[in-house]
Amino acid sequence: MRRIVATWMLELCEQRKCQEEVFVLALNYMDRHLRRKIVPKTSLQLLASACLLLASKLREPSCKSLSADVLVYFTDDSITKYELINWELLVLNTLKWDISVVT
């Protein structure tokens, strides 16, 4: 399952022309979160989206290529913006706000 979600993340980053670090950082966040919390398979794309949102804010703060609205759209509206923002906070709390990672 992780491979499928990671491939989706990579393809999305490539399509939206994100900096390479955004994908690497988002994958790092996702892996660290999954080491600490059990996430149902049905929520993996939501977790991945939250991690992409965080990584894009850190690496490309002025770029809107991975905004919450864009991420909701690329999940075929299977998540809501509200859920995405809540999961963003959940990931931050799980990682104890330690999001500065060397990539």
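Only the coordinates and a few stated rules stand behind these numbers; no lab work does. In this text, all values refer to a predicted model and were calculated from it rather than measured experimentally. When we count neighbours, we look across all protein chains shown, and the Cβ atoms used for this are built from the backbone with ideal geometry, even at glycine.
Numbers at a glance
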quantity	calculated
Helices (runs of 4 or more DSSP H) lying entirely in the range 1-82 (those with 1 or more residues that are touching a residue at least 40 places away in the same chain (Cβ under 8 Å), closer than 23 Å to ASP98 by Cα and of a type in the set (Phe, Trp, Tyr))	20-36
Unique residue being surrounded by fewer than 12 Cβ atoms within 10 Å (Cβ to Cβ) and among the hydrophobic types (A, V, I, L, M, F, W, C) when the list is TRP87, TRP97, TRP8	TRP97
ALA68 being of a type in the set (Gly, Ala, Ser) and farther than 18 Å from THR7 by Cα	yes
Selected residue (criterion: nearest to LYS17 (Cα to Cα)) from residues of the range 83-94 that are without any contact (Cβ under 8 Å) to a residue 24 or more places away in the chain and under 13 Å from the mean Cα position of the chain (by Cα)	ILE85
Selection count where residues are part of a helix (DSSP H, G or I) and touching a helix residue (DSSP H, G or I) at 6+ places or on another chain (Cβ under 6 Å), scope the range 86-103	4
Output for the range 33-85, where each listed residue is out of contact with any helix residue (DSSP H, G or I) (no Cβ under 8 Å at 6 or more places or on another chain) and charged (D, E, K, R)	ARG35, LYS41, LYS57, ASP76, ASP77
